[in-house]
Amino acid sequence: MPSGEERPFRFALEVCRNPAGAVSRWKSVSGRKAAGCIPIYVPEEILHAAGMLPVTIWGNEFSPASSGGVPPFVCSVAGGIVSAIRSGKWEEIDAWVFPSTCDTIQNAFEVLFPPNDDRPRFPFVFPASADAPGAPEYMLDRVEAFREWAGTVSGREVSEGALERSVRVYNENRKVFALLEERMAETPGSFTGTELWAYARAGMVLPREGHTEILKKALSRSREVPGPTRAKVFLTGMLATGPVMEALDAAGAAIVGNDLALGNRHYSGSADESGDMSLSLVRRHLRRDPCSTLHESGRTRIERLIERFAWSGADRLLMLRVRQCEPESGDVPDMADECRGRGIPFLCLDIDLHAEERASARVRIEAFVEMGE
Amino acid sequence: MTRPKRLEAAAGMKELMLRHFQAGWLAREEGRKVAFVTSGAPVEFLHAMDVVPVYPENHGAVCGVARAGGRLCQAAEERGYSRDLCSYWKIDWGARTRPSESPIGGLPNPDFLLCANNICRTVVKWYEGLSRFYRVPLLLLDLPFRHAEEEPAAREYVRDQFRNLPGELARLTGRMWSEERFRESVDLSREASVLWQECIEANSTRPAPTTAVDQFLLMGPIVTMRGTREAVEFYRGLTHEIRERVRRGEGAVEGEKTRLLWDNLPVWHQLRPVSDFLADHGTALVGATYTNAWTERAGESPDVSEGLADAYARVWLNMGLGHRCKPYSFGQEEIAARLKSEGIPCILMDGDMADERDFAEGGWRTRLEAFVERLDNEHHRGMRG
Ligand code: SF4
Ligand code: SF4
C-alpha cells in the first residue's frame, strides 16, 4: 500500500497511464462533457467556465494499431492523435479544439479528421506573432468566438462571472505548479523526472481544482533532501516521454528546469483576475515567452531559454525533438552553437512517441549525464 | 525518343532570370536594399520602395533542377538540421556555407527579410534563423490559416499588418513611401497574373500547346518578378507563342493520346526525364495544381481551382509526393482514393521536390511505365468502343 507521501504520485501516474479512463470516470460522476484539446495553448479557462473538462491529447494515450491512414511525414504527436480519432478511440471526448500550432496540426485537422465524425470542432487560430499590428484585436475575436462555441456545445453560456472563477482556478493551479518547478530548481532531485512528467500530464486530464490539491499534497511532503546529483538538466522540446524521464532518473540526473510544452509552457503565465475576462486571456497569451510555435518578438527563443537555463542552476541542456517536428527543429543548430559558445553540454535527442526507443535513449542519456562529470 | 517541343520563350526566360539574380548582387552598388522574401509575400510593397527581392525558395528550386540539392541539404544536415526538414530550407542553409555548390553561386546578403506565413509556418522558423544568421531585421506577416469561411477579423488583422508595412519599409530603407509606385506594381502584378493564367488555361485545348513541365520551368518570373514590367513583357511574349500554337493546332507532345494533371510541388530534379518519358509515350502533362497559385490577383481573387476543375474535368491525374513539404503533401492519399472511387486513374509517386537523394529513379520509371501502359490500353479500348 503506498504511503501517504506517495499517494498523489501514484494517482497522477495512474491518470497518465489511462487518461481515457480518468475522463470517463469524471463524466459519469459529473454528467458533463469533455473537450479534447490538441496541443498547445488552448485557452482552457473558457471550457472550464462552460462546465466542460478540457483534456489535452498528446497522441500517445493509445498505441496506434496501424498507421491509420496517417502519412509517414506526420510527427508522432499529430499522427497518434489522428490515428486514435480515426480508429474510434477517445469516444469519451464530446468536442475537439484544434489550435493553429503548426502546419501539421492545421492540415491534419482539415484533411485527416474522419468526415463521418460529427462531434463539434473548433479550429482555434491564434496570432503567430504577439507584436503584429492587430494581433490583440484578432485574438480577442477568436476568444469570443470560442467562448460562444463552448457555450453552445456545453449548453451553458460562458458568463463573465463563471470565466472569472475559472481564471482564478487556473491561476491557482499554475502558481502551485510553479512551486513544484521552483522546488526542483532549489533542491535538485526533490522530485524525479518521472514525477514531474506525471504531475504535468495529469493536470491536462484532471479538473484543475483536483490537480491543484494533488500538487499541494505532493509539495507538502517532507522527504529527505537527496544527496548530490550527477547532473542538473534543463529540458526543452515539446514533451518528454515516460522512457526518457525514466532514463534520466536512472542515470542520476535531476531536472531543475524545463520549457516543455507538456510542462512549463502549459502552466506558466497567469491571467489578470479583474477587468474583461476575454481580454485577460488574450493578454496572457500575447505575453508568453517566445517558443518554437510562436514568433519571437524582441527577445529570441534561444536568448530566453538561456536566461531560464541560468536561473534554474542547470549544468546541461537536453533538447527532446519529436521526429518530423519542424517548429522545434529550426532552432536546434543555433541552440547547439549558443551552448557550445557558453560551454554548456547540449544534446538533441530525437524521440518518437510510438517507437520502442527505451534502450537507445538510455545509452545516450547515460553518456550525456557523464559529460563533464 | 520523342521529346516535347520546346518553347522559344524558354531561352528568353533564362536570360531574364539571370538578370534577376544579378540585380540582387548589384543592388548595393546601386544604392538599393535587398530583401529575402517568401514566395507568397506581397512583393509589390518592396517594389514600391525600390527594394530588390530575392527568393530563397526559388533558389531551392534552381538547385533542385541542377541536382545540387542533395549536396546542399547534406551540408545543412551536417550543421544539425534534421533530414526531415523542408529541403528548400536546408538548401538555403547549405548554399550559405557552400555557395560554390549552388549553380548560381548562392544568394547575396539581405538587408532585411519579409516573411509571410500564408504558404506555410515552416518559413517562420526558416526566416527566424536567417535573421539570426545575417543579423538583419525580420518583418513577419502573420496571415491566419483559413479553415472555412473567411472571418472578417482575420481580414482586418491582415489589413492592419499591410497598413503597417509602408512605415516599416520606410524605416528600413530610409526612403519615402511611394503610393504611386505601389499602385503601379500592383497593376503590373495583375497584368502578369492574367497573362500567366491564360498560358495555363490554354492547355484545356487539344492538343495541349505546352506541358506542365514547361509551366514549372516558366513560372520563375511570375514567382520572383511579380509587379515588374519585365515579367509582363515576358508573359506577353509567351502568351503570343502559345496562342500561335493553339491557332496552328500544334501540341507540345507529338500525337497526344493521354492527358495528365500533376498535383503537388514539382519534383525539380526529375522534370526533364519525366516529361521526356511521357512524351515518348504520347502522354502530355497538361496541367499542375501548383502553377495556378500565382494566378491569384489583388482585388479579384477568382476561384481559380473551380475554373481549373472545369478546364481539366476529364484529364487523367498524376501526383507527386513532396515529402519534405508537409502542407502540400497532406491529403494526397485522400485525393487519390477519391479519384479512384470515381474511376479516374492516378498514381502516387514518392520523392522530395529538391533533394535528389530522396528519389528512387528505377522504381519511379517502372511504376510510371506500368501506369502509362494501362492508360494506353484504356485509350485504345476507348477508340475501339
Ligand atoms: S510535435 Fe511539432 S509538428 Fe508535431 S504537432 Fe507538435 S508542434 Fe506540430
Ligand atoms: S514547407 Fe513547403 S510551402 Fe513551406 S517553404 Fe518548404 S516547400 Fe515551401
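Worth a mention:
Per-residue answers, yes or no, for (1) within 16 Å of ligand 2 (Cβ to nearest atom); (2) surrounded by fewer than 21 Cβ atoms within 10 Å (Cβ to Cβ); (3) assigned by TED's automatic domain parsing to the domain that holds A:A108; (4) within 22 Å of A:V77 (Cβ to Cβ):
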{"site": "A:F309", "(1), (2), (3), (4)": "no, no, no, no"}
{"site": "A:S312", "(1), (2), (3), (4)": "no, no, no, no"}
{"site": "A:M319", "(1), (2), (3), (4)": "no, no, no, yes"}
{"site": "A:Q324", "(1), (2), (3), (4)": "yes, no, no, yes"}
{"site": "A:S329", "(1), (2), (3), (4)": "yes, no, no, yes"}
{"site": "A:G341", "(1), (2), (3), (4)": "no, yes, no, no"}
{"site": "A:L349", "(1), (2), (3), (4)": "no, yes, no, yes"}
{"site": "A:E356", "(1), (2), (3), (4)": "no, yes, no, yes"}
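- Count of residues meeting criterion [away from ligand 1 (no atom under 14 Å from the Cβ) and either surrounded by 24 or more Cβ atoms within 10 Å (Cβ to Cβ) or among the basic types (K, R) (or both)] in segment A:98-121: 2
- For segment A:339-357, filtering for residues that are at pLDDT 95 or above, out of contact with any Gly (no Cβ under 9 Å at 6 or more places or on another chain), not aromatic (F, W, Y) and not in a loop (DSSP other than H, G, I, E, B) leaves 5.
- All conditions but one from (1) on the phi > 0 side of the Ramachandran plot; (2) within 11 Å of another protein chain (Cβ to nearest Cβ) apply to B:G106; the one that does not is (2).
- Scanning segment A:290-317 for residues that are outside any helix (DSSP H, G or I) and either more than 16 Å from ligand 1 (Cβ to nearest atom) or at positive phi (or both) gives A:S297, A:G298, A:R299, A:T300, A:G313, A:A314, A:D315, A:R316, A:L317.
- Residue within segment A:194-210 that is in contact with a Lys or Arg (Cβ under 7 Å, 6 or more places away or on another chain) and modelled with pLDDT of 95 or more present: no
- Elements of the type helices (runs of 4 or more DSSP H) sitting completely within segment B:68-140 and holding at least 3 residues that are within 16 Å of ligand 1 (Cβ to nearest atom) and buried (at least 18 other Cβ atoms within 10 Å of the Cβ): these cover B:122-134.
- A residue that is within 23 Å of A:A162 (Cα to Cα), crowded, with 19+ Cβ neighbours inside 10 Å and either within 15 Å of the chain's Cα centre (by Cα) or not assigned by TED's automatic domain parsing to the domain that holds A:P127 (or both) can be found somewhere in segment A:257-268.
- Test for B:E15: is it free of Cβ contacts under 8 Å to residues at least 60 places away in the same chain and under 21 Å from B:W268 (Cβ atoms): yes
- Here A:R301 fits the description: under 21 Å from B:R121 (Cα atoms), within 14 Å of chain B (Cβ to nearest Cβ), of a type in the set (D, E, K, R) and within 22 Å of the chain's Cα centre (by Cα).
- Every residue from segment A:318-354 that is in contact (Cβ under 8 Å) with a residue 24 or more places away in the chain and away from chain B (no Cβ under 14 Å): A:L318, A:R342, A:I344, A:P345, A:L353, A:H354
Residue-wise test of (1) farther than 30 Å from B:Y88 by Cα; (2) at pLDDT below 85.
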site: B:M349; (1), (2): no, yes
site: B:E356; (1), (2): no, no
site: B:E369; (1), (2): no, no
site: B:E373; (1), (2): yes, no
site: B:G382; (1), (2): yes, yes
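- Of the helices (runs of 4 or more DSSP H) that lie entirely inside segment A:1-95, those containing 3 or more residues that are in contact (Cβ under 8 Å) with a residue 40 or more places away in the chain and surrounded by fewer than 22 Cβ atoms within 10 Å (Cβ to Cβ) span A:7-17, A:19-30.
- The residues of segment B:24-45 that are closer than 18 Å to B:V62 by Cβ and surrounded by fewer than 19 Cβ atoms within 10 Å (Cβ to Cβ) amount to a single one, B:W25.
- Extreme residue, surrounded by the most Cβ atoms within 10 Å (Cβ to Cβ), among residues of segment A:181-220 that are part of a loop (DSSP other than H, G, I, E, B) and of a type in the set (A, V, I, L, M, F, W, C): A:V205
- The single condition among (1) closer than 24 Å to A:G79 by Cβ; (2) of a type in the set (G, A, S); (3) at pLDDT 95 or above that A:S360 does not satisfy is (3).
- For segment B:49-74, a residue qualifies if it is of a type in the set (D, E, K, R) and under 12 Å from the mean Cα position of the chain (by Cα), and exactly one does: B:E57.
- Test: residue in segment A:105-126 that is more than 9 Å from chain B (Cβ to nearest Cβ) and part of a helix (DSSP H, G or I): yes
The values are calculated or read from the model by the stated rules, or taken from the named source; none is laboratory data. From a predicted model like this one, the values you see are computed outputs, not experimental measurements. All Cβ positions, even for glycine, are placed from backbone atoms using ideal geometry, and neighbour counts span all protein chains on display.
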